[in-house]
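Worksheet for the structure shown next.
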Amino acid sequence: MDGETEVVKDRFDTVVSSLMSRGISAEFVGNRHEALRRVVDLVPEGATLVTAASVTLHEIGFIDELKSGKHSWRNISAEIRAENDPEKRSLLRKQSVLADYSLGSVNAIAETGEVVIASGSGSQLSPFLSSRNVIWIAGTQKIVPTLESAVRRVREYCVPKVEEAGMRFSGRSGMGTIGKLLIFENEAAHLKRNVRLILVDEVLGY
């Protein structure tokens with residue numbers, strides 16, 4: 001093992017240790033294909049799930065997996081999008097908060113273990129705080145040294161990137177401002193939730 005590889009491994013080991021000390025299960029996979037297989041293995045048959053808006057979920061192929069219908073999961077997010085009746089949609093949104101599994105990505109991960117997630121409306125954050133099982137998938141480029149640099153990454157890099165993508169693909173602005181900013185510092189053990197971060201050794205998302 002050369003010196004550069006040792007430094008990278010030490011950094012990854014530090015991140016995993018820091019996350020786990022804060023109640024977040026953490027693991028590394030080598031690429032997006034391994035990430036997809038891992039997520040599919042983690043979500044049991046018949047589970048209800050919600051997905052946050054996430055470039056990463058698209059990139060690893062999980063959204064295509066959902067659309068394929070070759071599973072027994074109940075995709076509440078898809079039901080919300082398909083429902084035109086305001087009252088029924090509101091009921092589905094309430095159900096989504098208590099889905100068995102909530103999946104998405106994060107915007108920044110500090111080597112000290114804090115995880116930062118930004119949202120325009122805040123709607124994607126509620127399931128992360130209430131579902132019994134949370135699975136985040138993130139490329140390793142999102143790892144930064146400190147909480148301060150994690151917040152800075154969100155404000156100075158992620159928000160402009162999302163805005164640029166919104167203009168490019170839809171002709172209108174995306175998340176031009178941060179409506180809600182979640183700093184996930186600890187998962188209390190007494191809550192008995194499973195919060196997991198799968199770090200992928202690729203550049204994924206923003």
Exercise. In contact with a helix residue (DSSP H, G or I) (Cβ under 9 Å, 6 or more places away or on another chain), without any contact (Cβ under 8 Å) to a residue 24 or more places away in the chain and surrounded by 12 or more Cβ atoms within 10 Å (Cβ to Cβ): does that describe E79?
Worked result: yes
Exercise. Does the range 78-89 contain any residue that is under 19 Å from the mean Cα position of the chain (by Cα), at pLDDT below 95 and not in a helix (DSSP H, G or I)?
Worked result: no
Problem set entry | Residue under evaluation N186, criteria (1) modelled with pLDDT of 95 or more; (2) in contact with a Ser or Thr (Cβ under 7 Å, 6 or more places away or on another chain), criterion not met | (2)
For this session: Pull up the range 33-56, narrow it to residues that are within 19 Å of Q141 (Cα to Cα) and more than 14 Å from the chain's Cα centre (by Cα), then point me to the one that is surrounded by the most Cβ atoms within 10 Å (Cβ to Cβ).
Result: E34
For this session: Among the residues of the range 129-150, count how many are of a type outside the set (D, E, K, R) and over 16 Å from the mean Cα position of the chain (by Cα).
Result: 5
Exercise. Among the residues of the range 99-154 satisfying the criterion of being among the polar types (S, T, N, Q) and farther than 18 Å from L19 by Cα, which is surrounded by the most Cβ atoms within 10 Å (Cβ to Cβ)?
Worked result: S102
Exercise. When the range 163-183 is examined, which residues are found to be at pLDDT below 90, surrounded by 15 or more Cβ atoms within 10 Å (Cβ to Cβ) and either among the aromatic types (F, W, Y) or touching a helix residue (DSSP H, G or I) at 6+ places or on another chain (Cβ under 9 Å) (or both)?
Worked result: G174, M175, I178
Problem set entry | Test result for L19, part of a helix (DSSP H, G or I), within 28 Å of V154 (Cβ to Cβ), free of Cβ contacts under 8 Å to residues at least 60 places away in the same chain and among the aliphatic types (A, V, I, L, M) | no
Problem set entry | Count of residues meeting criterion [among the basic types (K, R) and modelled with pLDDT of 95 or more] in the range 9-55 | 4
Exercise. Can you name the condition, by its number, that C158 falls short on among (1) closer than 19 Å to V15 by Cβ; (2) within 17 Å of the chain's Cα centre (by Cα); (3) surrounded by 15 or more Cβ atoms within 10 Å (Cβ to Cβ); (4) modelled with pLDDT of 95 or more?
Worked result: (4)
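The values are calculated or read from the model by the stated rules, or taken from the named source; none is laboratory data. Everything quoted here is computed from the prediction, not taken from an experiment. When we count neighbours, we look across all protein chains shown, and the Cβ atoms used for this are built from the backbone with ideal geometry, even at glycine.
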